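What follows is calculated from the coordinates using simple rules that are stated; it is not laboratory data. Since this is a predicted model, take the numbers as computed values, not measurements. Here the Cβ positions follow ideal geometry from the backbone for every residue, glycine too, while neighbour counts run over all protein chains shown.
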Amino acid sequence: MISIAIDGPSGAGKSTLAKRLAKELGFLYVDTGAIYRTIGYYIYTAGISPDDQRAVVAALPEIHLELRYGEDGLQHMLLGGQDVTREIRLPEISRYASKVSAYPEVRAFLLEMQRQLARTHNVIMDGRDIGTVVLPDADIKIFLTASAEARAKRRWKELEERGTPAPLEQVLREIQERDDHDIHRQTAPLRQAEDAVLVDTTELDFQGGVEVLLDLIQKRMGA
Ligand code: DC
């Protein structure tokens, strides 16, 4: 099985690019952020404070999540059998996901699920710690980044298209807060694996990003 790990901060283009690359290569696309978001969503709907580590950890055994691939080939998240793919994208859930993902028990709870997918499929997996923790032996590791302003603009556009608009300054502030939280947490912080290739997408549009990454992957796979 071949695995490609793509890590980086939110809004660098990981999921849109990884989705397209997976299609081109015939690989399974695994969005691990969606898995953390599903935990965040559960905690939110259960009325638990995301700052209450003990309560979050105590809730884990109640959480039944499943990844399912629809006929559209897209990853759907099921929580207790219910499709929550759309709900987990709400900005409030981003905040919950970022908080609960800092707890080592939450990360341990999800580790095997992610590894199992890579054992049974050729995958492109995106997240924050795929190349460093989840799949340290991934065949190809990419660290995708872009300036905070460029990432905020993309997220802002995405929110508007989804019908949940928010002011650009607020989106930028939230991105910076999340970056700060993801980089400075104790467990599995966001960082570039030593053997990852750094790709900066600040000046690249979607097509440009696809070309750079596809070229890089094809060279590596051919090597
Ligand atoms: O990629 P995203 O914005 O959907 O991720 C949501 C949150 O989940 C993000 O704040 C960090 C966390 N996350 C993580 O800690 N590890 C991953 N592999 C993926 C996401």
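Given the C-alpha centroids of segment 4-70 and segment 81-144, what is the distance between them in whole angstrom?
The two parts, judged by their Cα centres, are 5 Å apart.
Rounding to the nearest 20 debye, state how big the charge dipole of segment 159-211 is about its Cα centre with +1 on each Lys and Arg Cβ and -1 on each Asp and Glu Cβ. Don't jump to the answer; show the numbers that get you there.
Working: 5 positive and 14 negative charges, 60 e Å.
I would put it at about 280 debye.
Work out Dmax and Rg for segment 71-191 from the C-alpha atoms and quote the Rg first, both in angstrom.
Taking only Cα atoms of segment 71-191, I get Rg and Dmax of 15.6, 42 Å.
Just from its helices, what would the mean residue ellipticity at 222 nm be for the chain, if runs of 4 or more DSSP H residues each count -39500 (n - 2.57) and the sum is divided by every residue, rounded to the nearest 500 deg cm²/dmol? Intermediate values should be presented prior to the final figure.
Working: 8 runs with 108 residues, N = 223.
Calculated mean residue ellipticity at 222 nm is -15500 deg cm²/dmol.
Do you know the relative contact order of the chain, to the nearest whole percent, from alpha carbon pairs under 8 angstrom that are 6+ apart? Don't skip to the answer; put the middle values down first.
Numbers: 342 pairs, mean separation 71.9, N = 223.
Across the chain, relative contact order equals 32 percent.
At most 15 other C-beta atoms within 10 Å and a DSSP loop state: those are the exposed GluC sites (Glu not before Pro) I care about. Give me the longest piece of the chain that has none. Each step should come with its number before you reach the end.
On the way: sites that count: GLU71, GLU194, GLU203.
With a cap of 15 other Cβ atoms within 10 Å, the longest stretch comes to 72-193.
How high is the FRET efficiency between ARG68 and ARG162 when r is their beta carbon distance and R₀ equals 25 Å, given to the nearest 0.05? It would help to have the intermediate numbers written out before the result.
Numbers: r = 21 Å, r/R0 = 0.85.
Calculated transfer efficiency: 0.75.
State the antiparallel share, in %, of DSSP beta bridges confined to the chain, rounding to the nearest 5.
Working: 7 of 24 bridges.
Of those bridges, close to 30 percent are antiparallel.
Can you compute the FRET efficiency between ASP180 and LEU111 using 1/(1 + (r/R0)^6), with r the Cβ-Cβ distance and R0 = 22 Å? Round to the nearest 0.05. Write out the running numbers ahead of the final one.
On the way: r = 24 Å, r/R0 = 1.09.
Step by step, r from the Cβ atoms, then E = 0.35.
Over the chain, what per residue volume does the convex hull of the Cα atoms give, in whole Å³?
On the way: hull volume 27.0 nm³, N = 223.
About 121 Å³ per residue, rounded to a whole number.
Of the candidates VAL199, VAL212, VAL56, which one comes out as most mobile in a Gaussian network treatment of the chain with C-alpha springs shorter than 10 Å?
With Cα springs under 10 Å in the chain, the top fluctuation among VAL199, VAL212, VAL56 is at VAL212.
Do you know the relative contact order of segment 107-223, to the nearest whole percent, from alpha carbon pairs under 8 angstrom that are 6+ apart?
Values: 87 pairs, mean separation 37.8, N = 117.
32 percent.
Determine, at each q value in 0.19, 0.26 (inverse angstroms), the log₁₀ of I(q)/I(0) that the Debye formula gives when each Cα of segment 133-210 is one equal point scatterer.
-0.98, -1.20
Name the lysines eligible as straight-distance cross-link partners of LYS141: C-alpha to C-alpha under 23 Å, and not fewer than 8 places from it in the same chain.
LYS14, LYS19, LYS23, LYS219
What are the ³J(HN,Hα) values, in whole Hz, obtained from phi via the Karplus relation 6.51 cos²θ - 1.76 cosθ + 1.60 with θ = phi - 60°, for each residue of segment 165-173 in sequence order, with x given for Gly and Pro?
Going residue by residue, I get x, 8, x, 4, 4, 5, 4, 5, 4 Hz, with x marking Gly and Pro.
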